[in-house]
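The values are calculated or read from the model by the stated rules, or taken from the named source; none is laboratory data. This one's a predicted model, so the numbers in the text were calculated from it and none came from an experiment. Ideal geometry is used to build each Cβ from the backbone, glycine not excepted, and the neighbour counts take in all protein chains shown. Just the protein is used for accessible areas: all its heavy atoms, side chains included, with ligands, DNA and RNA removed. Shrake-Rupley method; radii C 1.70, N 1.55, O 1.52, S 1.80 Å.
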Amino acid sequence: MPVVTRIAPSPTGDPHVGTAYVGLFNYALARRHGGRFVLRLEDTDRQRYQAEAEERILAMFDWLGLRPDEGPGIGGEHGPYRQSERLAHYQAAAQRLIDDGHAYRAFETPEELEAMRLEQRRLGHDPGYDGRGRLVAPEEQARRAADGEPHVVRLRTPDAGDTGFTDLLRGEVRIPNAEIRDTVLLKSDGFPTYHLAVVVDDHSMGVTHVMRAEEWVTSTPIHVLLYRALGWALPTFVHLPLLRNPDANKTKISKRKMDTSVESYRQQGILPEALLNFLGTMGWSMPDGREVFSLDELVAAFDPARISLGGPVFDLKRLRSLNARYLRDVLSIEALGERVRPWLLERGITVDDEDYLLDALDVLRPRAETLLELTDQLVPFFESRLRYDVDARRRLAAGQSYLEDLERAFAALEWFDDDDVDELLRGYVQRQAVPMGKVMMPLRVALTGTTQAPGVVDLVVIMGKERTMERIGQALQAISEGLPDDDPERLKAEAEAAAKEAERAKRGRRPLTAAERG
RNA sequence: GGCCCCUUCGACUAGCGGUUAGGUCACUACCCUUUCAAGGUAGCGGCACGAGUUCGAAUCUCGUAGGGGUCACCA
């Protein structure tokens, strides 16, 4: 029997890292066994439904390279893949359950239910549906329904005993039936709840392995009851540990406490393969201990039995560090060039000298953790007019005479190769009898506009004579025009603006730009 | 609170009766060095606790504690 897995996100908000996480493992299991990976949209909550969320979820999977075999916009023989388009299935199943006595129509209004809960609380009982709808005779249920009275369909759950299932990772899990209320299967608007829809769809789509988040463990017995009532075989259940917030208690990951939006990570310059790799270390580990691995490598080694159950903290530092690893070690320099082009374009930079780009990347890539940072550092290589940050200005002012000397020296230098530039610079510093930094830092600032940059020799060689001369000239001009050292007001304003910008960058929320989409 | 699940360095994890408990990130120190990184070397740091089972427990059992999840006409 082929392995069939699915990811069933709900289009109610920003594409979530948890969806990517569960999707990854489901994808891996299906691929590992040459089976099918199905994408199904669980859009049965019309209150929270967001039309554009649907498209964004699909875009997320596309970006990550997690390609479903079946799904909305892809097709497949088990469609449609939007639950809102499958209402007849659920209604038919509900009718069957009613006919067989496994379910009943219940007519309590929301107000009645609320009053019931209030009363239960007053008496110190656990609040929950007490099954009062069972008391209405089937004929009366049918009559009132036929009269158009609003109602839901509820599952008739056993009162005694317990219901259990086997979780691939946890073994037998049993829940006392007293804990299981007569759950709503069909809402009064005719839409199914999760419980009914998931069982009907997983069965009709041939899903063999239900791999989902741990939060579903306690409601799995409801599904078991449904499978039994409908006479269907149970799938294998695998409940994945919940991703956790980096707070003291490690609560379930939430957008209130951290950034859970995949789009946001994309906008911050996280690579899809790095995100996937990172998620692949949440609860999972390679049998051989590799910590950097591709999607294909994960697929080749994937065995759900290796998943560990402690809730893994979604640690941004680790994600960024892994992303940095991809930038400097995993990606080829050419591939990196292709990745960063759209980002440069977004800043109005079109690269026509490929070699220049690659040379710059070569020295920059160990210094950046994200494509965003890389782009920031790349910009000074391409923009003709540099902006000097506050600290940079101070360095420039202190280096005026050196820059004047070096401008002349470079003008006289014919070959801008490593050895010659190095020799020139070292010779000059030696003759001046000053510490290296005294000379190098102003030059670095003149070339890049910032104090934190690659080695000066590298910069000069990569930029070449023309750019080097031009930048030194510009710097000298900026100095003579008056650097704001002597203007404390302006310094302060700039510092504040920089802090604000940094804060904004940290939040990292802005719409996806065209270039990032491409 | 009831029920269910979980528990190895700060974080991610390896381990599946016998290991000096290993690796990665983070952190610290040193080296390299014209800044910042990267890189190199070293270091810090852990089996929640208590009983049992066993010649021998991180590994098996039970209990305790702690943490999480769940108790909707949301998924």
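Selection of first residues in the range A:198-210 that are of a type in the set (Gly, Ala, Ser) and of second residues that are in a helix (DSSP H, G or I), restricted to Cβ pairs under 9 Å at least 6 apart or on distinct chains, gives the following pairs, ordered by first then second residue: A:204/A:89. Taking the conditions exactly as written (of a type in the set (A, V, I, L, M) and at pLDDT below 95), does residue A:248 satisfy them or not? Here the answer is yes, as residue A:248 does meet what is asked.
If I ask for residues that are of a type in the set (Val, Ile, Thr), within 16 Å of RNA strand B (Cβ to nearest atom) and crowded, with 18+ Cβ neighbours inside 10 Å, which ones from the range A:331-372 would you list? Selection gives A:370 alone.
Take the conditions (1) in a helix (DSSP H, G or I); (2) in contact (Cβ under 8 Å) with a residue 24 or more places away in the chain; (3) more than 9 Å from RNA strand B (Cβ to nearest atom); residue A:195 misses just one of them, which is (3).
Put simply, of A:348, A:311 the only residue that is over 18 Å from residue A:373 (Cα atoms) and in a loop (DSSP other than H, G, I, E, B) is A:311. As a summary of the residue check, residue A:69 satisfies the conditions (1) open to solvent by less than 20 Å² (accessible area, probe 1.4 Å); (2) in contact with a Lys or Arg (Cβ under 7 Å, 6 or more places away or on another chain); (3) modelled with pLDDT of 95 or more except for the one numbered (1). Being acidic (Asp, Glu) and outside any helix (DSSP H, G or I) is the filter; apply it to the range A:377-425 and report the residue that is modelled with the highest pLDDT. The qualifying residue modelled with the highest pLDDT is A:417. Filtering A:379, A:439, A:445, A:456 for residues that are among the hydrophobic types (A, V, I, L, M, F, W, C), open to solvent by less than 20 Å² (accessible area, probe 1.4 Å) and touching a Ser or Thr at 6+ places or on another chain (Cβ under 7 Å) leaves a single hit, A:445. Just one residue in the set A:97, A:135, A:155 is assigned by TED's automatic domain parsing to the domain that holds residue A:230, more than 14 Å from RNA strand B (Cβ to nearest atom), in contact with a strand residue (DSSP E or B) (Cβ under 6 Å, 6 or more places away or on another chain) and at pLDDT 95 or above; that residue is A:97.
A residue that is β-branched (Val, Ile, Thr), assigned by TED's automatic domain parsing to the domain that holds residue A:185 and open to solvent by 10 Å² or more (accessible area, probe 1.4 Å) can be found somewhere in the range A:102-110.
The set of residues from the range A:264-294 being crowded, with 21+ Cβ neighbours inside 10 Å, away from RNA strand B (no atom under 15 Å from the Cβ) and not in a loop (DSSP other than H, G, I, E, B) comprises A:265, A:266. A Cβ distance below 7 Å, combined with a sequence gap of six or more or placement on separate chains, defines the contacts here; from the range A:16-29, residues that are part of a helix (DSSP H, G or I) reach residues that are among the small types (Gly, Ala, Ser) in the pairs A:18/A:213; A:22/A:213; A:24/A:280.
Cβ-Cβ distances below 9 Å connect the following pairs, each with a first residue in the range A:229-246 that is free of Cβ contacts under 8 Å to residues at least 40 places away in the same chain, a second residue that is in a strand (DSSP E or B), and a separation of six or more residues or different chains: A:235/A:4; A:235/A:209; A:235/A:210. Applying the criterion of being open to solvent by less than 40 Å² (accessible area, probe 1.4 Å) and in contact (Cβ under 8 Å) with a residue 60 or more places away in the chain to the residues of the range A:130-168, the residue that is nearest to residue A:103 (Cα to Cα) is A:155. So, residue A:180, is that one at pLDDT 95 or above and either outside the structural domain of residue A:100 (by TED's automatic domain parsing) or near RNA strand B (Cβ under 7 Å from one of its atoms) (or both) or not? So residue A:180 does not fit the description; no.
Listed conditions (1) hydrophobic (A, V, I, L, M, F, W, C); (2) open to solvent by 10 Å² or more (accessible area, probe 1.4 Å); (3) under 26 Å from residue A:99 (Cβ atoms) are all met by residue A:178, apart from (3).
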